[in-house]
Amino acid sequence: MNCLVTGVAGFIGSHLAEELLRLGHQVVGLDCFIPYYPRAFKEANLVELRGHSGFRFHELDLRHDDLLSVMADVEVVFHLAAMPGLPRSWTDFDLYQSCNLTATQRLLEACHQRGALRRFLYVSTSSVYGRYASGDETLPTRPISPYGVTKLASEHLCRAFADECGLPLVVLRYFSVYGPRQRPDMGYFKFIDQMLRDQPITIHGDGLQSRGNTYISDAIAATIAAVQAPPGEVYNVGGGETANVWEILSKLERLLNRRARVQRGPARPGDQRVTGADTSKLLHHLNWKPTVSLDDGLARQVAWQRELVQHSRQAA
Ligand SMILES: NC(=O)c1ccc[n+]([C@@H]2O[C@H](COP(=O)([O-])OP(=O)(O)OC[C@H]3O[C@@H](n4cnc5c(N)ncnc54)[C@H](O)[C@@H]3O)[C@@H](O)[C@H]2O)c1
């Protein structure tokens, strides 16, 4: 199939595009390198893709560039481009609003004009549920961060295009994705990086906030499986193993064979207390279930970050 992956230079988008190509599909990727974290990370994510004959890259901003020209043969759209990350959404709302909502509106409008898509997959987040995000897709949606609000608004906008314009929409709500290429602003990346550099780690609040962790390859497998889902469905995507911050730190201490130096910081507004995906619906509809354990997944992320730190030391 001919696929469009938005946010292709990001953590998850780059893995998705690689897997689609490995399966023999054609991929058009777009990204505008929002400097939320350094462009060098995103360029590194694109290295393997750029060498593949089935891949075409367009440096485009969904908020204002022409989109129709890149959509000519596209059958399936995977919409991952967004401003992720929770803390900054309190202080830079315009960026979140424009990249999560306006960008989605422009993409939806282009898809509507283009017509005849097989599927439009919108990648959403457990943050749409709010403080307690543990359960299935029927949980109430009460986001407690501007990030979650913009992602939920974007889901609603997709739904409006689905209900009124026939967009073949499937929504995926990811729960805390981790693994190689994780964004450098994310908790596990920071913990591992700081431990490798023997720097102190700041734990916000009591550290008992827990996450339903999803290894990157499991998230990608669910995303590709969802192309076969009936239009209109919403699915939680979660790895099945929850852990709080202290549990993660002790796993990392074992993997790195060193103690974490912990300092305490205030709780952060918008931080979810518990997230844990019930993914029975994905299992029943698409026979998807996670395959990578938290211990194995963290070991793979640690191995990747060891190399990053080594390279940065050699370059210094
Ligand atoms: N990482 C997670 O744990 C997680 C959890 C839940 C949901 N998600 C969702 O998954 C998606 C991907 O997240 P990620 O962690 O890979 O983030 P990421 O920041 O690594 O990737 C997003 C990419 O989108 C691009 N982008 C943003 N606005 C754009 C615009 N206007 N035009 C073109 N490109 C634009 C960015 O430059 C970036 O490369 C997001 O939609 C996010 O909300 C991620």
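The values are calculated or read from the model by the stated rules, or taken from the named source; none is laboratory data. As the structure is a computational prediction, the values presented were derived from the model and not from experiment. Every residue, glycine as well, gets a Cβ built from its backbone with ideal geometry; the counts of neighbours run over all protein chains shown.
Looking only at residues that are in a loop (DSSP other than H, G, I, E, B), in contact (Cβ under 8 Å) with a residue 24 or more places away in the chain and more than 14 Å from the ligand (Cβ to nearest atom) in region 131-170, which one is farthest from ASN100 (Cα to Cα)? Explain how you work it out, then say what you get.
If we filter region 131-170 for residues that are in a loop (DSSP other than H, G, I, E, B), which is where we start, we get 131, 136-145, 166-168.
Checking which are in contact (Cβ under 8 Å) with a residue 24 or more places away in the chain leaves us with 131, 136-137, 144-145, 167-168.
The next check asks that each one be more than 14 Å from the ligand (Cβ to nearest atom); those that pass are 131, 136-137, 144, 167-168.
Details: ARG131: 21, ASP136: 24, GLU137: 21, ILE144: 16, LEU167: 18, PRO168: 20 Å.
Going through the qualifying residues, I end up with ASP136.
Which of the numbered conditions does ALA225 fail, given that it passes all the others? Conditions: (1) in contact with a Leu (Cβ under 6 Å, 6 or more places away or on another chain); (2) not assigned by TED's automatic domain parsing to the domain that holds GLU19.
Just one mismatch for ALA225, condition (2).
Quickly run through region 171-193 and pick out the residues that are in a helix (DSSP H, G or I) and touching a residue at least 40 places away in the same chain (Cβ under 8 Å). Let's see the steps before the verdict.
Applying the first criterion (in a helix (DSSP H, G or I)) to region 171-193 yields 187-193.
Those that are in a helix (DSSP H, G or I) and touching a residue at least 40 places away in the same chain (Cβ under 8 Å): GLY187, TYR188, PHE189, PHE191, ILE192, ASP193.
Just to be sure I understand, how many residues within region 1-25 are under 19 Å from PRO38 (Cβ atoms) and not aliphatic (A, V, I, L, M)? Give the steps one after another, and end with the answer.
Looking only at region 1-25, we keep the residues that are under 19 Å from PRO38 (Cβ atoms), and these are 7-15.
Now narrow it down to the ones that are not aliphatic (A, V, I, L, M): 7, 10-11, 13-15.
Number satisfying all stated conditions: 6.
For region 252-288, which positions are more than 18 Å from GLY207 (Cα to Cα) and either modelled with pLDDT under 95 or in a loop (DSSP other than H, G, I, E, B) (or both)? Show your work before the answer.
The initial filter retains those residues of region 252-288 that are more than 18 Å from GLY207 (Cα to Cα), namely 254-258, 277-288.
Of everything in region 252-288, those that are more than 18 Å from GLY207 (Cα to Cα) and either modelled with pLDDT under 95 or in a loop (DSSP other than H, G, I, E, B) (or both) turn out to be ASN257, ARG258, ASP278, THR279, ASN287, TRP288.
Return a yes/no flag: does region 194-207 have any residue that is more than 30 Å from ARG313 (Cβ to Cβ) and assigned to a helix (DSSP H, G or I). Break it down into steps so the answer makes sense when it comes.
As a first pass, look at region 194-207 and keep what is more than 30 Å from ARG313 (Cβ to Cβ): 205-206.
From the residues that got through so far, the ones that are assigned to a helix (DSSP H, G or I) too are none.
Within region 194-207 (the criterion being more than 30 Å from ARG313 (Cβ to Cβ) and assigned to a helix (DSSP H, G or I)), the answer is no, since none of the residues qualifies.
Of a type outside the set (S, T, N, Q), surrounded by 23 or more Cβ atoms within 10 Å (Cβ to Cβ), under 23 Å from THR279 (Cβ atoms) and more than 12 Å from the ligand (Cβ to nearest atom): is that true of TYR235 in this structure?
Values: of a type outside the set (S, T, N, Q): yes; surrounded by 23 or more Cβ atoms within 10 Å (Cβ to Cβ): yes; under 23 Å from THR279 (Cβ atoms): yes; more than 12 Å from the ligand (Cβ to nearest atom): yes.
For TYR235, the condition - of a type outside the set (S, T, N, Q), surrounded by 23 or more Cβ atoms within 10 Å (Cβ to Cβ), under 23 Å from THR279 (Cβ atoms) and more than 12 Å from the ligand (Cβ to nearest atom) - is met.
Report whether or not ALA72 is modelled with pLDDT under 95 and more than 24 Å from ALA222 (Cα to Cα). Spell out the reasoning first.
Values: modelled with pLDDT under 95: yes; more than 24 Å from ALA222 (Cα to Cα): yes.
For ALA72, the condition - modelled with pLDDT under 95 and more than 24 Å from ALA222 (Cα to Cα) - is met.
Inside region 73-103, can you point out the residues that are touching a residue at least 24 places away in the same chain (Cβ under 8 Å) and farther than 15 Å from SER154 by Cβ?
Of the residues in region 73-103, the ones touching a residue at least 24 places away in the same chain (Cβ under 8 Å) are 73-90, 93, 95-103.
ASP73, VAL74, GLU75, VAL76, GLY85, LEU86, PRO87, ARG88, TRP90 - these are the residues of region 73-103 that are touching a residue at least 24 places away in the same chain (Cβ under 8 Å) and farther than 15 Å from SER154 by Cβ.
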